Amino acid sequence: MIQSMTGYGKSIIELPNKKITVEIKSLNSKNMDLNARVPSAYREKELLLRNKISKTLSRGKVDFNLFVELTGESTSTIINEAVVKQYMGQLSEIADTSAAELLQMAVRLPDALKTEREEIDEEEFNKITQAVDEALKAINGYRTSEGAVLEKDFQKRIENIGALLEEVIEMDPQRIENVKERLHKAVSELKETVDENRFEQELTYYLEKYDITEEKVRLKNHLDYFKETMESNTSNGKKLGFISQEIGREINTIGSKANFAPMQQLVVQMKDELEKIKEQALNVL
């Protein structure tokens, strides 16, 4: 079973005087790259939340957002009376206006308002932790669904490469005969008498250089291994990427040894399927 690195999870909790929203979004990345946006009041708990998310999601470019919206009448922001009175006194010396207008100007100036830092309520933080767990559950569900789509596409591509490999295997004897005919024709056009025994020895040596038996066997084994890895209990995108490289190596060697246009056309089709696999494998967890 494979999982995608792409996912989205959201959870909302309602408290007596505030609404807290947790959002987690992930995209593909080589490693864990976590970006967190947390209100200053909850900064002391940020590391705990980061560790929880990193441990659960393992890999990906992850954005974690914690939004707090006050819904009650209580507020932690109060007027700094001493500062406001000082501002009003200074303003009255340079502006001939009413006290109401002086107050209106003063509260707009720096430090006129101050926010008292509230201690984090443990019960509230426990609810936030539960919300993060729910968002992580949602994003993992999303990743699993996306992974199922990727797996279906991988199966199709691997089967296509396997079918093309069967065509290569069926075509191989014809390719060898074609190479022999071309060599015989080239020698005959020289209009020179040759030692048939020596010619057969050289021909055998030449054909051995173009033998693709090992490549055909290894390619089939790599295709089977790719499917086995997809069906394992844990998702391993990096491993699928490594196997894809080995598949590509065998396909390239078959292409370089083919020396036969119809077989090279099959190799081009296999490369096309493999490139699509490599592109999608970057999204696998």
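Readers should treat all values here as calculations from the given coordinates under stated rules, not as data from a laboratory. Here the structure is a predicted model, which means the values were calculated and not measured. Ideal geometry is used to build each Cβ from the backbone, glycine not excepted, and the neighbour counts take in all protein chains shown.
Whole-Hz Karplus values for segment 144-152 come out as 5, 5, 5, x, 5, 5, 4, 4, 4 Hz, taken residue by residue from phi with 6.51 cos²θ - 1.76 cosθ + 1.60 and θ = phi - 60°; glycine and proline positions read x.
Principal axis analysis of the Cα atoms in segment 1-109 yields extents of 76, 32, 21 Å, listed in decreasing size. Result for the chain in a Gaussian network model with C-alpha springs under 10 Å: among N236, N65, N31, the largest mean-square fluctuation is at N31. Taking a ≥ b ≥ c as the square roots of the eigenvalues of the Cα gyration tensor, the chain is classed as prolate, since a/c reaches at least 1.5 and a/b is larger than b/c.
Across segment 1-59, Cα pairs under 8 Å and at least six residues apart give a relative contact order of 30 percent. Per-residue 3J(HN,Hα) values for segment 135-142, derived from phi via the Karplus relation 6.51 cos²θ - 1.76 cosθ + 1.60 with θ = phi - 60°, read 5, 5, 4, 5, 5, 5, x, 4 Hz in sequence order (x marks Gly and Pro).
Computed from Cα atoms, the angle from the helix 261-281 axis to the main principal axis of the chain rounds to 20 degrees. Between helix 196-209 and the chain there is an angle of about 10 degrees, using the helix long axis and the longest principal axis of the Cα atoms. With neighbours defined as other Cβ atoms within 10 Å of a residue's Cβ, the residues L274, L183 order from fewest to most as L183, L274. The angle separating the long axis of helix 213-230 from the principal Cα axis of greatest extent in the chain is about 30 degrees.
When the C-alpha to C-alpha distance is required to be over 22 Å, the pairs from K227/K257; K10/K238; K52/K239; K30/K271; K156/K239 that qualify are K227/K257; K10/K238; K52/K239; K30/K271. Mean sequence separation of contacting Cα pairs (under 8 Å, at least six apart), scaled by the length of the chain, corresponds to a relative contact order of 26 percent.
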